[in-house]
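The block underneath contains the structure these notes are about, expressed in structure tokens.
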Amino acid sequence: MILFDLLFSGPPKTEAQLKKEAKKREKMEKFQQKKEMEEKKKMQPQTESFMCLPSCVSDVLSPLPDSYSPQFVEASWYSWWEKQGFFKPEYGPNPCGVFMMCIPPPNVTGSLQLGHALTNAIQDCLTRWHRMRGETTLWNPGCDHAGIATQVVVEKKLMKERKMSRHDLGRENFIQEVWKWKNEKGDRIYHQLKKLGSSLDWDRACFTMDDKLSFAVQEAFIRMHEEGVIYRSKRLVNWSCTLNSAISDIEVRSYPLMFISLMSQCHSLPYTDIFKIKCCPADEEVVVATTRIETMLGDTAVAVHPNDSRYQHLKGKMVVHPFCDRKMPIVFDDFVDMSFGTGAVKITPAHDHNDYEVGERHKLPFINILDENGLLINVPPPFLGMKRFEARKAVLQALKDLGQFKEVKDNPMVVPVCSRSKDIVEPLLKPQWYVDCREMGKQAADVVRNGELKIIPDHHLKTWFNWMDNIRDWCISRQLWWGHRIPAYFVTVNDPSDVDGHYWVSGRSQEEAREKAAKRFNVTADKIYLRQDEDVLDTWFSSGIFPFSIFGWPNESEDLRVFYPGTLLETGHDILFFWVARMVMMGLKLTGNLPFKEVYLHAVVRDAHGRKMSKSLGNVIDPLDVITGISLEGLYALLMESNLDPLEIEKAKQGQKSDYPSGIPECGTDALRFALCAYTSQGRDINLDVNRILGYRHFCNKLWNAVKFAMRTLGEGFVPWLCGSESVSDRWILSRLSAAVALCDSGFQAYDFPTVTTAIYNFWLYELCDVYLESVKPVLSRTDSEGQKQADICRQTLYTCLEVGLRLLSPLMPFVTEELFQRLPRRHAQDSPPSICVTPYPETSEVSSGQRSRMEFVMSVVRTIRSLRADYNLTKTRADCETSHSTLHTHLKLTRFSRDALIQGLGQYLYLYGPFQTEWESV
């Protein structure tokens, strides 16, 4: 056999001789390739395969650099992709259906964090995968105007630079300042998305305050208002005294009271104050407990549980407020916790959400004691005009002076804090605009129950149904200037016969609103006076119609017809209700269709210690800092530019020094994307370790070296073709490639990204590089005619593995795969796609599954020998162990020269040389 001839053609060479010859041969090959490349550049124009590449793209005809450099690889490909139009759905033909997904629009004020990077890594992988499958693919970008956040940023800028408030400028001038800031600073988020390789169709980018989207918001409000789904009501809202606005639930954070006290916001400790209220007639008293004693100035009742035996004798009796003559009933309500305090609680319907409902049930008076700035109103002296936390101390002292204060008890509790302004949120009774969500919530629950909408992972279904089945009406008005001004008008009718004289109408213009009002009140239009509501709509309202407003709804358009409803929504599970549910409800209400067919919810990114990403902890990481690297001093500098308190900055610095003592090394975009997808296990939060990202940067280097070796091996004149005469090792690696292709396909289908990353990583690193490339090196070095035939077959197999393997990896690592793919020859050069990102994704039918059993036996021998070597501390001169196989009918004594003997024996079983080369030389 050829193997025997090879083994016994002469005395075995030493390890040093073999290495010396290999280095010499490698240098000669490199010199010859460089010389031929220079001649080719001088005498020939660029080949057709690379005619589409612009000069700014790295020279793919030159040899690969010695080592992988993210900066080199990622410098120019994105602009070329964008210029070529690869990200547009019109790039085609695309006969395999439509895939459409819209981006969760990031805030215009923001910059990406690793949580955003995870969202975009997953979305871009899916988009690229669908595009490579031949589908008409659109990933639509957009940006949210972020009403509160943007207004706060610009107000701070005004005060810092010009010592002016927005009121000094006036509404119109202030809005112009916001637009100016947006145009100057608002594209940072788009720059970051491009650095992440996000294959968005930028020509379709939308901003929620653009004319097209603003018109859709106006139309949505008017239609829903005319149907009675949107209405105006006076209810309790989350009120920020600093912002002078209602805020949504998602902008309220709950913190332990001790934490708030340290922020100098609360001026108290986590205690329950207990005081006495005298009954009327004054024959006894009721002892009540409260955690917010200043609100007792607005009390209108005392409540006890109906089953509390201690208070049954007080049914029908009244108590007298300590600071005024107001008589308050004792009401019996199931909401009271008999074990809390004394079992009797004060009721302040205008300043507590639970008390509000008690007040509604028992028809109690609602007394508002706070104005929009947190100052006391509608209270007796000396409390009138006090700040809310100053009043807390004053009320406590006044009760002590009256002898009605009893005691203080420890009571761990949390306090609602505005995430934007950091002040404590007050429940405040204000007239606001609401959306009636009862019917829409039922529809949103039903479409999931009947399978029309699929939520993945399914453990989020319980949350979905709990919210939808118990949904409350949605407050959509905000007391801001930046945002979509509510298209509703307060009507005054100048007519003596008018009974009410006040009403609200909505309209696309004042003229339309005036006509509606005139018709409603049956008067002429000249008797109607209008005043538009000063408030703007909640940002989530415009986000809720984002999937169809981006296509020009309510106007018909080709994009709306083709791309709505969309295919998928991918986002974090933390906004399942605030955004996902509202898109479903408003899509069904306004278009009659679901905005998407599936919802995939990824986990939350935490730091390596499992802590939530927080600026105050110093563990928030800009993905660009992971991509390009940053020193510890650079991280410190970013902290100093933030709005953190000095104490928080010092705490954050300690956290950074502990986690990144040498800063964050340059990892590159591809490594970051691959790591984020590898972490994304359904149902689990992600504890992200930067060292793991660095590990995938080393993986990129492994790819680089593998392709570099392969390019030398293939040679200049290599032409890909399909042979069918592969050896056992060839068939084995093709079977492993086929298995990887199958795993990637099933992984993408199931949104199981760790399966995809593991399959690709194992194939490239452990099967192609560690086994197959080592096994074919001796074959490729043969010079006899039969050996050349085998070498040619190995080259074809190697090419297939590289070309298919790069296409497998492309959705996850688009930059390095494009760089390497452009250097490979094409099977069909004439009609080959210009970029890997528009090349078909591999299918199992492309690669023969082959046979694994023989190669698996060989690999088991290798693993067994490695295990024995470790167990018995074997060295080159000491290898006293035996191995046998039933089909060989022989026992091979492993001695110093057992390499030759073992391969001779296995030569009867299969044609294989390489997997043992390194192994036997070290045994």
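One line per residue, one yes/no per condition, for (1) open to solvent by less than 50 Å² (accessible area, probe 1.4 Å); (2) among the polar types (S, T, N, Q); (3) within 23 Å of the chain's Cα centre (by Cα):
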site: 582; (1), (2), (3): yes, no, yes
site: 586; (1), (2), (3): yes, no, yes
site: 591; (1), (2), (3): yes, yes, no
site: 595; (1), (2), (3): yes, no, yes
site: 604; (1), (2), (3): yes, no, yes
site: 612; (1), (2), (3): no, no, yes
site: 621; (1), (2), (3): yes, no, yes
site: 625; (1), (2), (3): yes, no, yes
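Within the bounds of region 574-584, is there any residue that is in contact with an Asp or Glu (Cβ under 9 Å, 6 or more places away or on another chain) and of a type outside the set (Phe, Trp, Tyr)?
Just the residues of region 574-584 that are in contact with an Asp or Glu (Cβ under 9 Å, 6 or more places away or on another chain), to begin with: 577-578.
Next, from what is left, pick out any that are of a type outside the set (Phe, Trp, Tyr): none.
So far as region 574-584 goes, no, none of its residues is in contact with an Asp or Glu (Cβ under 9 Å, 6 or more places away or on another chain) and of a type outside the set (Phe, Trp, Tyr).
Quick one: what pairs do we get from region 68-90, first residue in a helix (DSSP H, G or I), second of a type in the set (Gly, Ala, Ser), C-beta under 6 Å, 6+ apart or different chains?
From region 68-90, the pairs are 70/668.
Could you tell me whether residue 713 is under 22 Å from residue 767 (Cα atoms), of a type in the set (S, T, N, Q) and modelled with pLDDT of 95 or more?
No.
Which residues, counting only those in region 79-131, are among the polar types (S, T, N, Q) and closer than 21 Å to residue 206 by Cβ? Spell out the reasoning first.
First, pick out the residues of region 79-131 that are among the polar types (S, T, N, Q): 79, 84, 94, 107, 109, 111, 113, 119-120, 123, 127.
Passing the criteria: 107, 109, 111, 119, 120, 123, 127.
If you check 193, 118, 213, which single one turns out to be open to solvent by less than 10 Å² (accessible area, probe 1.4 Å) and either outside any helix (DSSP H, G or I) or out of contact with any Ser or Thr (no Cβ under 9 Å at 6 or more places or on another chain) (or both)?
193
Quick test of your reading of the structure: residue 587 fulfils all but one of (1) outside any loop (DSSP other than H, G, I, E, B); (2) at positive phi. Name the failing condition by number.
Answer for residue 587: the failing condition is (2).
Each row is one residue, and each column tells you yes or no for (1) open to solvent by less than 30 Å² (accessible area, probe 1.4 Å); (2) assigned by the TED database to the domain that holds residue 826; (3) over 29 Å from the mean Cα position of the chain (by Cα).
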{"residue": "705", "(1), (2), (3)": "no, yes, yes"}
{"residue": "709", "(1), (2), (3)": "no, yes, yes"}
{"residue": "727", "(1), (2), (3)": "yes, yes, yes"}
{"residue": "750", "(1), (2), (3)": "no, yes, no"}
{"residue": "756", "(1), (2), (3)": "yes, yes, no"}
{"residue": "765", "(1), (2), (3)": "yes, yes, no"}
{"residue": "781", "(1), (2), (3)": "no, yes, yes"}
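Within region 654-662, is even one residue farther than 29 Å from residue 76 by Cα, touching a strand residue (DSSP E or B) at 6+ places or on another chain (Cβ under 6 Å) and crowded, with 17+ Cβ neighbours inside 10 Å?
Checked against the condition, which is being farther than 29 Å from residue 76 by Cα, touching a strand residue (DSSP E or B) at 6+ places or on another chain (Cβ under 6 Å) and crowded, with 17+ Cβ neighbours inside 10 Å, region 654-662 yields no hits at all.
Taking residue 134 as the residue in question, decide whether it is outside the structural domain of residue 811 (by the TED database) and either surrounded by fewer than 17 Cβ atoms within 10 Å (Cβ to Cβ) or touching a His at 6+ places or on another chain (Cβ under 8 Å) (or both).
For residue 134, the condition - outside the structural domain of residue 811 (by the TED database) and either surrounded by fewer than 17 Cβ atoms within 10 Å (Cβ to Cβ) or touching a His at 6+ places or on another chain (Cβ under 8 Å) (or both) - is met.
Going through 414, 448 one at a time, which residue ends up being touching a residue at least 12 places away in the same chain (Cβ under 8 Å), open to solvent by 10 Å² or more (accessible area, probe 1.4 Å) and over 30 Å from residue 340 (Cβ atoms)?
Of the residues listed, the single one that is touching a residue at least 12 places away in the same chain (Cβ under 8 Å), open to solvent by 10 Å² or more (accessible area, probe 1.4 Å) and over 30 Å from residue 340 (Cβ atoms) is 448.
Kindly list the number of the only condition in (1) open to solvent by 20 Å² or more (accessible area, probe 1.4 Å); (2) of a type outside the set (D, E, K, R); (3) not in a helix (DSSP H, G or I) that fails for residue 599.
So residue 599 meets the others, but not (1).
So the check is Cβ under 8 Å with 6+ separation or different chains; which pairs have a first residue in region 336-348 that's within 23 Å of residue 366 (Cα to Cα) and a second one that's surrounded by 20 or more Cβ atoms within 10 Å (Cβ to Cβ) and of a type in the set (Phe, Trp, Tyr)?
Between residues of region 336-348 that are within 23 Å of residue 366 (Cα to Cα) and residues that are surrounded by 20 or more Cβ atoms within 10 Å (Cβ to Cβ) and of a type in the set (Phe, Trp, Tyr), the close pairs are 343/311; 344/311.
Consider only pairs whose beta carbons are under 7 Å apart and that are at least six residues apart or on different chains; among these, list those whose first residue lies in region 280-306 and is farther than 10 Å from residue 348 by Cα and whose second residue is among the hydroxyl-bearing types (Ser, Thr, Tyr) and in a helix (DSSP H, G or I).
304/311
Assess whether residue 269 counts as being open to solvent by 40 Å² or more (accessible area, probe 1.4 Å), at pLDDT below 95 and out of contact with any Leu (no Cβ under 6 Å at 6 or more places or on another chain). Talk me through it step by step, then tell me what you get.
Numbers: open to solvent by 40 Å² or more (accessible area, probe 1.4 Å): yes; at pLDDT below 95: yes; out of contact with any Leu (no Cβ under 6 Å at 6 or more places or on another chain): yes.
So residue 269 fits the description; yes.
So residue 575 clears everything in (1) surrounded by fewer than 21 Cβ atoms within 10 Å (Cβ to Cβ); (2) more than 18 Å from the chain's Cα centre (by Cα); (3) aliphatic (A, V, I, L, M) except one condition, right? Which one?
(2) is the only condition that residue 575 fails.
With the structure loaded, tell me whether residue 669 is buried (at least 20 other Cβ atoms within 10 Å of the Cβ) and hydroxyl-bearing (Ser, Thr, Tyr) or whether it fails that test.
For residue 669, the condition - buried (at least 20 other Cβ atoms within 10 Å of the Cβ) and hydroxyl-bearing (Ser, Thr, Tyr) - is met.
Would you be able to tell me the number of residues in region 357-384 that are assigned to a helix (DSSP H, G or I) and crowded, with 20+ Cβ neighbours inside 10 Å?
Adding up the residues that qualify gives 2.
For region 820-830, check the following and say yes or no: at least one residue is small (Gly, Ala, Ser) and out of contact with any Asp or Glu (no Cβ under 7 Å at 6 or more places or on another chain).
Looking only at region 820-830, we keep the residues that are small (Gly, Ala, Ser), and these are 829.
Those left that are additionally out of contact with any Asp or Glu (no Cβ under 7 Å at 6 or more places or on another chain): none.
There is no residue in region 820-830 that is small (Gly, Ala, Ser) and out of contact with any Asp or Glu (no Cβ under 7 Å at 6 or more places or on another chain).
The values are calculated or read from the model by the stated rules, or taken from the named source; none is laboratory data. In this text, all values refer to a predicted model and were calculated from it rather than measured experimentally. Reconstructed Cβ throughout: ideal geometry from the backbone, glycine too, with neighbour counts over all protein chains shown. Surface accessibility is based on the protein's heavy atoms, side chains included, excluding ligands, DNA and RNA. Shrake-Rupley method; radii C 1.70, N 1.55, O 1.52, S 1.80 Å.
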